[in-house]
Amino acid sequence: MSNQIPVVVAGAGITGLSAALHLADMGAGHVLVARGPGDPSSARAPGMITGGQRDNFTRVAIAHQTDFARTMWDFGDRAFDRTVAWARSHDVNAATGRRLRLVVTPEELREATEAVKMMTSAGVTARLIQGNELKSSPWGACLGSRVIAIQDEGDRGGWIDAGMMHLRMLETAQKHPSISFTELSVEDVEGYANEDLVVTIGNKRHAAAALIVACHLSTGDIVPSLKAALVSSADQWLTASGPLDPGNRLSAWNRSGIAWSALHNHEWGSTLPRGRLLMGGGRVLRKWAGFEATEANVEERITNYIVDQATKTFAHWNQPDTSSLRAQAGLDCHPCDELPVIGPMYGEGRILVAAGFMGQGVTLGFQAGYCLAKLLMTGACQELPRRLWPERLRSLTDKE
Ligand SMILES: Cc1cc2nc3c(=O)[nH]c(=O)nc-3n(C[C@H](O)[C@H](O)[C@H](O)COP(=O)(O)OP(=O)(O)OC[C@H]3O[C@@H](n4cnc5c(N)ncnc54)[C@H](O)[C@@H]3O)c2cc1C
């Protein structure tokens with residue numbers, strides 16, 4: 001191991017490990033990863049993956065203009081491609097298929113119609129399937145009457161075994177001669193006026209060339225000025241037996257890697273290998289729709305809701321006995337303006353942050369790690385939109 005001043009990475013989830021691996025591959029002489037407390041969310045993420053963004057195009061375009069929505073779609077697509085390519089080259093189970101937004105209310109139909117129009121004119125793949133076309137399509141054949149249309153975004157859906165992905169990334173990093181690990185946490189960082197950045201890991205102060213903060217909801221403990229901007233949200237998921245079309249082995253829905261959502265992503269899931277299903281959601285049943293939750297508990301009524309909704313959505317699916325299902329819950333991280341926070345801190349470019357992936361952390365976290373490594377090692381990263389940098393949140397902290 002080189003004894004040169006390390007780049008310190010705080011957090012060894014998918015984001016931190018991606019940063020460490022990409023830094024080392026790009027020639028960083030010494031990367032020190034502080035693993036911190038507890039298991040990373042990445043190790044047990046359900047693993048639905050999509051290109052583009054989880055939110056519909058209209059939502060991103062209305063909040064941040066159409067051009068930027070297109071930029072975010074490209075960013076999400078690159079994240080998807082890069083993550084899947086790494087997974088496939090490291091024997092991680094992954095399947096890709098269609099990305100389908102199932103439209104179940106007239107309001108969503110209006111939104112989907114507008115979204116498809118905007119996406120088409122921005123050059124993003126999207127198509128609305130409804131009426132007789134829906135009934136006769138291979139997708140419509142398995143859906144209940146609840147589904148009135150589909151926003152089909154092409155082959156931009158999938159599933160990844162996130163636990164295996166995390167393990168392979170960890171093993172690869174542990175074998176890399178330029179990467180070392182400590183089980184301790186980053187407790188503090190002093191930069192600004194100092195020639196060297198000083199990072200306190202456990203109770204020891206280390207000179208560091210840079211610090212990458214990849215700590216998910218704990219980001220604000222290291223960078224307090226971002227604390228107010230990163231909001232927690234609780235959500236829940238389960239896996240169940242399938243398939244969605246038991247009578248037809250060749251049905252379009254019986255492939256693994258189809259990612260769907262409904263009701264503005266309050267219901268979501270993907271088809272898994274061996275005919276199993278991942279399904280999640282029901283956040284709307286939680287207090288404040290799960291926002292600002294401090295812990296995420298599995299709620300039985302939400303498990304029942306997820307299964308009931310899926311039964312209404314998929315006409316031929318045999319509803320399992322819910323008592324046999326093992327549901328899981330977790331806390332995700334939403335930035336206040338619903339854009340991930342990725343980039344150098346204002347005023348101290350040697351501290352870089354990556355958090356706030358709103359349900360897309362497996363792919364966006366992987367991509368964020370790549371982008372921060374590129375930025376540090378070459379001084380620029382064309383793939384990282386400047387608008388994702390933390391500087392946009394500056395006015396928030398000015399008001400505090
Ligand atoms: C219910 C739910 C469902 C989800 N579904 C999906 C999905 O289907 N697909 C998808 O892509 N994403 C999904 N996500 C999001 C995804 O799980 C996360 O975005 C992603 O795992 C975050 O990865 P990370 O590496 O940034 O953080 P983590 O994996 O949480 O890693 C952060 C690490 O930092 C460590 N740490 C904390 N403080 C310190 C410190 N001071 N010093 C050093 N280390 C520290 C923690 O111990 C942790 O190990 C879901 C999230 C939830 C809650």
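FRET efficiency for the residue 146 to residue 117 pair, using the beta carbon distance and R₀ = 41 Å, is estimated at 0.95.
Within the listed set 301, 156, 387, the Gaussian network model of the chain (springs between alpha-carbon atoms below 10 Å) gives the highest mean-square fluctuation for 301.
May I ask for the distance between the Cα centers of segment 42-107 and segment 326-375, given as a whole number of Å? Cα centres, segment 42-107 to segment 326-375: 14 Å.
Normalise the Cα radius of gyration of segment 1-62 by 2.2 N^0.38 Å (N = residues in it) and let me know the number. Please list the in-between numbers first.
Values: Rg = 16.2 Å, N = 62, 2.2 N^0.38 = 10.6 Å.
Computed over Cα atoms of segment 1-62, the ratio equals 1.53.
Roll a 1.4 angstrom probe over the protein heavy atoms and tell me the percent of accessible area of segment 50-120 that is carbon or sulfur.
Numbers: 1400 of 2940 Å².
Carbon-and-sulfur percentage of accessible area, whole number: 48.
Within segment 275-359, list the GluC sites (Glu not before Pro) lying in a DSSP loop whose Cβ has at most 13 other Cβ atoms in a 10 Å radius.
Values: sites: 292, 295, 299, 300, 338, 348; in loops: 292, 295, 299, 338.
The qualifying sites are 292, 295.
For the chain, adding -39500 (n - 2.57) for each run of n ≥ 4 DSSP H residues and dividing by the number of residues yields -9500 deg cm²/dmol at 222 nm. What the pair-distance distribution of segment 69-197 shows, using all Cα-Cα distances binned every 10 Å from zero, is 10, 26, 24, 20, 13, 6, 1 percent.
In plain terms, the chain from residue 137 to residue 204 could stretch by 17.9 nm, reckoned as 0.36 nm per residue minus the Cα-Cα distance.
State the percentage of accessible surface on segment 137-274 attributable to carbon and sulfur atoms; use a 1.4 Å probe and exclude ligands, DNA and RNA.
Values: 2910 of 5670 Å².
In segment 137-274, the share of accessible area belonging to carbon and sulfur is 51 percent.
Spin-label model, residue 67/residue 395: points 7 Å from Cα along the beta carbon direction are separated by 1.9 nm.
Using 0.36 nm per residue of separation minus the Cα-Cα distance, give me the extension gain between residue 4 and residue 331 in nm, one decimal. Display every interim value, and only then the final one.
Details: separation 327, 0.36 × 327 = 117.72 nm, distance 3.67 nm.
Difference between extended and current length: 114.1 nm.
The stretch between residue 39 and residue 155, if pulled fully straight at 0.36 nm per residue, gains 38.6 nm over its current Cα-Cα span. Run through the DSSP bridge list for the chain and note the antiparallel percent, rounded to the nearest 5. Antiparallel bridges make up about 75 percent of those DSSP assigns within the chain.
Projected label points at residue 171 and residue 192, each 7 Å from Cα along the beta carbon direction, are separated by 4.5 nanometres.
Given a 1.4 Å probe, how much area per residue of the chain is accessible, in Å²? Spell out each step's value before the answer.
Details: 16930 Å² over 400 residues.
Dividing the accessible area of the chain by its residue count gives 42 Å².
Here the calculated FRET efficiency for residue 315 and residue 291, from their Cβ-Cβ distance with R0 = 22 Å, stands at 0.10, rounded to the nearest 0.05.
The values are calculated or read from the model by the stated rules, or taken from the named source; none is laboratory data. The shown structure was predicted, so the numbers you read here are calculated from the model rather than taken from an experiment. Here the Cβ is made from the backbone with ideal geometry for all residues, glycine too, and neighbour counts use every protein chain on show. Each accessible area value is taken on the protein alone, full model and side chains, heavy atoms only, with ligands, DNA and RNA left out. Shrake-Rupley method; radii C 1.70, N 1.55, O 1.52, S 1.80 Å.
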